[in-house]
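The values are calculated or read from the model by the stated rules, or taken from the named source; none is laboratory data. None of these values were measured; they are calculated from a predicted model. Neighbour counts run over all protein chains shown; Cβ positions are idealised from the backbone, glycine included.
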Amino acid sequence: MNSTRRRFEGKTIVVTGAAQGIGEAVARWLIAEGAFVYALDINEDRLARLSAGMNRERHVMEAMAVDIRARDGVEAAVHRMEMQRPIDGLVNVAGVLYPCSFEAMTPERWLETFNVNVHGTFFISHEVARKMIGRGGGVIVTVASNAASTPRVGMSAYCAAKAAIAMLTKCMGLELAKYGIRCNVVSPGSTNTPMLKAMGEHGEMRNRRLIEGDLNTYRTGIPLGRIAEAEDVASAVAFLLSEDARHITLHDLVVDGGATP
């Protein structure tokens with residue numbers, strides 16, 4: 001991380017799914033570059049520990065336990081945030097993955113995948129965007145997945161949900177551009193996060209299978225020869241949030257080491 005840059009000095013940015021993984025890495029990166037971050041998650045304990053660590057020297061983060069599946073709760077949270085600090089940027093990271101074959105997928109897990117990944121992303125994006133419209137500017141970045149455009153074995157609900165939020169974000173960008181609001185997507189591939197570890201295999205065996213490819217699961221491998229770290233994704237998010245990307249909108253930045261050319 002290049003902590004000498006301060007692209008977000010004086011900016012207030014909301015990050016969902018901030019308690020761990022990519023969301024946590026994004027929050028840390030933005031704070032290192034001068035932002036004040038509203039960190040949202042349903043994992044109150046992890047969120048509280050993160051906030052306590054980040055606020056040791058000065059108040060740079062406010063932790064908010066928010067269930068983005070609940071529209072009323074999202075509305076109340078956005079209202080509370082806006083009363084304190086106008087929101088300049090939103091990063092949609094919160095998501096769930098239930099690895100499972102298509103035939104074994106339950107209606108409950110299908111609906112939960114869409115409730116979090118799709119409906120939650122819509123609820124908070126809709127609320128925040130309406131505030132941004134009144135100010136004539138803002139940036140929204142949604143973390144989707146390369147699985148949004150590439151079929152994956154055992155990930156039908158996840159692929160479908162990520163495809164939905166990627167297209168939602170591009171449609172938002174098309175309609176909100178006239179208000180000076182940019183909307184972009186970052187699509188990671190395999191990334192060293194708790195979500196990846198929860199998929200089964202661990203350590204070198206998993207990494208080798210992902211990097212070299214696996215014909216049994218129709219994976220072609222990762223040409224750059226490494227699993228991404230959460231900071232690789234955070235760097236891409238920060239770029240699209242920043243003025244460095246001021247003329248970029250409706251874009252999908254794939255961060256997967258070449259796994260899905």
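What to note about this one:
- For segment 133-158, taking the residues that are within 16 Å of residue 251 (Cβ to Cβ) and in a loop (DSSP other than H, G, I, E, B), the one that is nearest to the chain's Cα centre (by Cα) is identified as 144.
- Any hit, segment 14-26, residues being crowded, with 17+ Cβ neighbours inside 10 Å, assigned to a loop (DSSP other than H, G, I, E, B) and among the polar types (S, T, N, Q): yes
- Number of residues in segment 52-77 that are under 14 Å from residue 40 (Cα atoms) and acidic (Asp, Glu): the value is 3.
- Taken together, 178, 162 contain a single residue that is modelled with pLDDT of 95 or more, among the basic types (Lys, Arg), under 13 Å from the mean Cα position of the chain (by Cα) and at negative phi, which is 162.
- Counting the residues of segment 76-109 that are assigned to a helix (DSSP H, G or I) and under 27 Å from residue 39 (Cβ atoms) gives 10.
- Residues located in segment 225-243, provided they are exposed (fewer than 13 other Cβ atoms within 10 Å of the Cβ) and within 18 Å of residue 254 (Cα to Cα): 225
For (1) buried (at least 20 other Cβ atoms within 10 Å of the Cβ); (2) among the β-branched types (Val, Ile, Thr), each residue gets a yes or a no:
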position: 9; (1), (2): no, no
position: 30; (1), (2): yes, no
position: 38; (1), (2): yes, no
position: 42; (1), (2): no, yes
position: 48; (1), (2): no, no
position: 53; (1), (2): no, no
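- For residue 85: the one exception among (1) over 15 Å from residue 128 (Cβ atoms); (2) more than 21 Å from the chain's Cα centre (by Cα): (1)
- Qualifying position, being farther than 13 Å from residue 95 by Cα and either in contact (Cβ under 8 Å) with a residue 60 or more places away in the chain or surrounded by 15 or more Cβ atoms within 10 Å (Cβ to Cβ) (or both), among 176, 215: 176
- Any hit, segment 102-119, residues being crowded, with 18+ Cβ neighbours inside 10 Å and touching a residue at least 60 places away in the same chain (Cβ under 8 Å): no
- Any hit, segment 213-226, residues being among the aliphatic types (A, V, I, L, M) and under 15 Å from the mean Cα position of the chain (by Cα): no
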